Structures are given as C-alpha cells and as structure tokens.
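Chemist: Pasting a structure here, questions to come.
Throughout, read-outs are computed from the coordinates displayed, never taken from laboratory work. Small disclaimer: the values here were computed from a predicted structure and weren't measured. A quick note on method: Cβ atoms are made from the backbone with ideal geometry, for glycine too, and the neighbour counts reach across all protein chains shown.
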Amino acid sequence: KQQILLAERPTGTPDKNTFKFVETDVKQPENGEVLIRTLFVSVDPYMRGRMVDAPSYIPPFELHAVIEGGVIGEVVESKSHQLEKGDIVIGGYGWQTYYTAKATEVRKIDKDLAPVSTHLGILGITGLTAYFGLLDIGKPKEGETVVISGAAGAVGSAAGQIAKIKGARVVGIAGSDEKNQYLKEKLQFDETINYKTTSNMKAAIEKACPNGVDVYFDNVGGEISDAVHAYVNKFARIVVCGAISSYNLEGEDIGPRVQTTLIKKSALMQGFTLGDFSDRFSEGSAALAAWLQEGKLTYEETIKEGFEQIPDAFLDLFKGNNIGKLLVKVAEQ
Ligand code: NDP
C-alpha cells in the first residue's frame, strides 16, 4: 500500500519536500479489525496548522508519520461483527491507500442518502462547521445582510445557502468571476465581490451592502476582513471560522485593530472550532440531510483523481483552485 508521510515541517507555503511517498505492506486484519480500501481523501486548510509543532486545539502531525485526515473507504475484509465486507466507512486515518482499523475507529455511513463523498463535505465536517458557526454564533435574522468570505469554498458555500434559507440577504466574497457566477446563479447569492480584481475592497463592500453588515462569516481573515469590519452594523456578529490568508505566513499576522469597531458597534466577534458542538452533531447532520433532500441546499465538489495528486490537491486550497469541497478520489467504489 502507499502512504504519504510528513517529511519536514514547512515554513511558509508547503512544497514537494514537505511530503514523502512510501510503500509498505498491508497488515491483515485480526479479530475486531477490518481492512479498508480508501476511496476518497479529504484535503482541508486546517491541516496546514497541524504541520507546525505548536499547541493548538488538535495535536500537530508527527514527523515521518502518515498525514492524518478525513477518509471514506470500503471494507474489503472484516474480522469484526460490527462491519461487513462492502460497508462504506468514514475515518480519520489519512493519506494511505489501505488501512487496517479496529472496527471502533471508523463509522459506517449510509451509502443511499447521498453520494458517499458528501460525508467529507456538505454532510460532514464542512457542512457542520457552516451550520453551527452561522446559526449559533451568527444568528442571522430575516432581511439581515450576511457577508461570507471564502464564499465559494466548502464551508462558505454551505454557510451562504443556510443564510439564504433563514431569509437573509447574502453577499459572497471569492477569488474568481467563475466562482462568483456559481454563487449567484446556482446558489442564489444576492451580491458577490471578486477580491482579486477589486481595487478598493472597502468601496466594494459599501456598494454591495447598502444597509451595512449584520453577520460576517469569516473564512479568510487578513485585508478582506479589515474591509468588512469597517461596515458592521450595531450588534453585528462576526463569526471567525477560519483565517486561511494567514496560514502560510512566515511571520505574525498584523493588521488594523478591531477593538474600537467592536465597542462602537456593540458587535460580537467569536471564534470557534467544530468540536465545540460535538454533542449536537446529530442535530446538524439531520438538518443538513433534510435540506439536501428537500432541494434547499446544494453542493459542489472539486475532485482530483489519483493518490499521487493528494499533496497538489492540498496546495490547491491555498491557490483557490476549488469550487466547493476539494477531494481526491483514490479508487472506484
Ligand atoms: P475551502 O473549500 O474554502 O478552500 C479554501 C479557499 O480559500 C480557496 O478555494 C480560496 O478561494 C480561499 N483562499 C485561499 N487562500 C486565500 C487567501 N490568501 N485569501 C483569501 N482567500 C483565500 O476550504 P474549507 O471550506 O474547508 O475551509 C474554509 C475555512 O474554514 C478555512 O479557513 C478553514 O480553516 C476553516 N475551517 C474552520 C473550521 C472550524 O472548526 N473553525 C472547520 C473547517 C474549516 P478564493 O478563490 O476565493 O481565494
């Protein structure tokens, strides 16, 4: 089987030297274990944080060990009563083509609900992040203006649609005209801004949000967020979901200070990690699945094919080469 290890801890943007491909033997399952063949591997921005040896809400990746992350696989051999051959499971065992797991390490998923890959996206971590971040912290009300940065990505596109479901006016910020066309035409966003071609972000926000900003769901941080913060309304809620613009910085992230804005506007700014809501995942999953089945929620996936594409796919996240959830398809179901 093939594995990808963390070869060195990157400074700045990771490159080919960050990763090492190795071949090892497949371990036959023992009692209580299953052998899983990887079908889809998820690549996610948070993984950049785990490449650094620094305290966080989740431990760093170990050097020279397999890079961990969300995976969908098929059970090809079972020595457990809990799972049988052919079951589709989700796990966190990461960048490897096969894995021998204790049956309790993975969770069987319903393969009839939606394509199995959605459990890594709209029905999984990214969908749940949008759901809890937007609804529990952002609390959008009908008619309010919700601005989403990283709007065409996995979390952003879900958050924008949930805001629309709640009756808000939604403005998306993304890095290409193609993405913005998708947001407007497929996801019914009310306005969009291409931050890469807009010379004056503040003016663009002012124009797109004539009534100011009530909720800002922030996936990117940096200068985009500085511009949005300038237009928040009284009692605005700023949901700090991610700060991808800073993940590859070599030094500290600096910028305008936000304190006086928060004071003047009595605004709330709150960060979170999805784990904060772990006791309510079933609520979130049920809501997302229902909206998906009712046609109120849709999703896009950018799928790269082939195990060897995983590092490049991961780096694509920082180049903006994805619409919706970025996944790597490793084998046919
Ligand atoms: P995405 O699918 O949104 O992919 C990343 C996108 O970020 C790219 O497509 C790109 O789009 C944009 N981007 C990359 N670099 C920059 C930059 N320098 N400035 C502005 N935009 C940039 O990823 P996810 O949906 O999985 O994650 C979105 C955010 O949510 C991330 O910050 C992630 O860390 C965070 N997150 C937080 C969680 C939590 O529990 N708090 C859980 C899961 C995710 P574009 O073309 O628009 O630039």
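Chemist: Quick check: net charge around L187, other residues with Cβ under 13 Å of its Cβ, Lys/Arg +1 and Asp/Glu -1?
Modeler: Here the count lands on +1.
Chemist: L297's amide H: which non-local residues (gap 5+, or another chain) put their own amide H closer than 5 Å, with H modeled 1.01 Å from N in plane and none for Pro or chain starts?
Modeler: L292
Chemist: With 25 Å as the limit, write out which pairs from K141/K234; K20/K196; K164/K207; K102/K329; K164/K325 have Cα-Cα distances beyond it, or answer none.
Modeler: Pairs exceeding 25 Å: K20/K196.
Chemist: If you build a Gaussian network model of the chain, linking Cα atoms that sit under 10 Å apart, which residue out of H64, H229, H81 swings the most?
Modeler: H81
Chemist: Relative contact order of the chain: what whole-number percent is it, with Cα pairs under 8 angstrom and at least 6 residues apart?
Modeler: 18
Chemist: Looking only at I323, I254, I88, which one moves most when the chain is put into a Gaussian network model with springs between Cα atoms under 10 Å?
Modeler: I254
Chemist: Which far-off residues, 5 or more places away or on another chain, put their amide H under 5 Å from the one on K111, with H placed in the peptide plane?
Modeler: Sorted by chain and number, the residues that satisfy this come to none at all.
Chemist: Hey, another quick one. To the nearest 20 debye, what is the magnitude of the charge dipole of the chain about its Cα centre, counting +1 on the Cβ of each Lys and Arg and -1 on the Cβ of each Asp and Glu?
Modeler: 860
Chemist: Just R48, R169, R257 to compare: in a GNM of the chain, with alpha carbon springs under 10 Å, which one fluctuates most?
Modeler: Of the options given, R257 has the highest mean-square fluctuation.
Chemist: Moving to a separate point now. What is the distance in Å between the Cα centres of the stretch 254-333 and the stretch 1-69?
Modeler: Each part's Cα centre sits 20 Å from the other's.
Chemist: Here is a further query. Plugging the Kirkwood radius over Cα pairs into Stokes-Einstein for the stretch 1-130, at a temperature of 10 °C and a viscosity of 1.306 mPa s, what D comes out in µm²/s?
Modeler: This corresponds to a translational diffusion coefficient of 102 µm²/s.
Chemist: Taking loop as defined by DSSP and a crowding limit of 15 other beta carbons within 10 Å, which GluC sites (Glu not before Pro) in the stretch 239-322 fit?
Modeler: When the GluC sites (Glu not before Pro) of the stretch 239-322 are filtered for loop state and at most 15 Cβ neighbours within 10 Å, E250, E252 remain.
Chemist: Place +1 on the Cβ of every Lys and Arg and -1 on the Cβ of every Asp and Glu in the chain, take the dipole about the Cα centre, and give the residue among G73, A287, T260 whose Cα lies farthest towards its positive end.
Modeler: Positive-most Cα among the choices belongs to T260.
Chemist: Could you work out the mean projected area of the convex hull around the alpha carbons of the stretch 62-150, in square nanometres to one decimal?
Modeler: 8.8
Chemist: Over the stretch 125-275, what portion of Cα pair distances is larger than 21 Å, expressed as a whole percent?
Modeler: When every Cα pair of the stretch 125-275 is considered, 36 percent fall beyond 21 Å.
Chemist: Further question: Rounding to the nearest 20 debye, state how big the charge dipole of the stretch 125-275 is about its Cα centre with +1 on each Lys and Arg Cβ and -1 on each Asp and Glu Cβ.
Modeler: 480
Chemist: Compute for the stretch 248-312: radius of gyration divided by Kirkwood radius, i.e. Rg/Rh, restricted to C-alpha atoms, rounded to two decimals.
Modeler: 1.13
Chemist: Let me check the size of the stretch 191-298 from its C-alpha atoms; what are the radius of gyration and Dmax in Å?
Modeler: Rg and Dmax of the stretch 191-298, Cα atoms, are 16.3, 46 Å.
Chemist: Let me ask something additional. If eta is 1.002 mPa s and T is 20 °C, what Stokes-Einstein diffusion coefficient results for the stretch 77-128, Kirkwood Rh from Cα pairs, in µm²/s?
Modeler: 178
Chemist: Beyond 25 Å, what share of the Cα-Cα pairs of the chain remains, rounded to the nearest whole percent?
Modeler: 52
Chemist: Name the aspartates and glutamates eligible as straight-distance cross-link partners of K1: C-alpha to C-alpha under 13 Å, and not fewer than 8 places from it in the same chain.
Modeler: Qualifying aspartates and glutamates at Cα under 13 Å: E23, D25, E308.
Chemist: Taking only C-alpha pairs under 8 Å that are 6+ residues apart, what is the relative contact order of the stretch 125-275 in percent?
Modeler: Relative contact order for the stretch 125-275 comes out at 23 percent.
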